[in-house]
Every structure is written in C-alpha cells, then in structure tokens.
Amino acid sequence: MNIHRVNRTLLLSVYSISLAVASPSYADGIEAFSFNDILNAQGAAIRPEGASAEGIQATDQNFVENLGSITTTGSGAEGISVNNFNDVFNAGTVSTTADKADGIDGSDFNNITNAGEVRTEGDFSDGIEGAARFVVNF
C-alpha cells in the first residue's frame with residue numbers, strides 16, 4: 001500500500017508508522033502535492049523496492065520531516081525527492097542502494113536540513129543533491 005495525496009486547500013498530516021512497499025517501478029511510498037505536512041515518525045519505516053520508487057515525493061510547498069528510516073533499493077529511487085518551495089528536515093536515516101538514487105534530492109527553491117544520516121551506495125548517487133535554496137548539514 002502506498003499513500004498518494006493531492007490537497008490544494010486543506011492541510012494534510014501523514015504519519016507513517018511502517019510502510020513497506022513491494023512496489024513496481026515509480027510506486028512511491030508517500031506522494032503529496034501542495035501544502036501538506038508529512039511526518040515519517042521515529043521508529044517508522046518506508047521501504048519502496050521498485051525502480052524510480054521514491055520513499056517520499058513532495059511537490060509544491062510541503063513540509064517533510066523524517067525521524068524514522070527510509071530505504072530504497074531500485075535504480076533511480078531517491079529517498080526523499082522534493083520540487084518547488086518545500087521544507088525538508090531529516091533527523092532519521094535515509095538510505096539508497098542502487099545507481100542514480102540520491103538520498104535527498106531537491107529542485108527549485110527548497111530548504112533542506114540534515115541532522116540525521118544519509119547513505120548512498122550506488123554509482124552516481126549523491127547524499128544530498130539539487131538546486132536547493134538553503135542546505136544545512138549538521
């Protein structure tokens with residue numbers, strides 16, 4: 001089971017307890033659009049397995065917080081992927097094992113703060129990558 005949410009007027013809070021996704025390609029663990037709060041709580045896990053299957057994918061002004069673990073195993077499957085004015089805070093673990101799978105990828109004016117651990121194992125896989133507005137790594 002994966003979570004897909006489009007929300008343009010209300011605030012959505014998604015709290016992941018444990019989400020293991022034996023997924024086909026492009027099946028994200030959590031996907032959100034526009035003005036959502038997304039929390040992967042401490043002790044929770046998101047584990048999509050397909051190619052290009054992101055752990056959390058968020059577009060347009062969301063707040064993404066990872067206190068648990070996100071692990072992807074598919075080629076091109078990023079741990080957290082955000083586009084367009086999102087705030088990302090990682091104090092948990094983000095891990096990718098395949099090629100071209102960034103730990104955290106942000107494009108177009110995102111704020112990314114890492115106080116946790118980001119691990120990548122594959123070729124061409126960056127820990128934190130993208131055209132972010134502000135990146136802090138503790």
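Sorted on the mean count of surrounding Cβ atoms within 10 Å across their residues, most packed first, peptides 98-111, 116-129, 67-80 read 67-80, 98-111, 116-129.
Working from the Cα coordinates of the range 53-138, the gyration tensor eigenvalues give, after taking √(5λ), semi-axes of 18, 13, 11 Å in decreasing order.
The numbers here are math on the coordinates, done by the rules we state, and not lab data. It should be emphasised that the depicted structure is a prediction, and the values quoted were computed from it without experimental measurement. Glycine also receives a Cβ, built like all others from the backbone with ideal geometry; neighbour counts cover every protein chain displayed.
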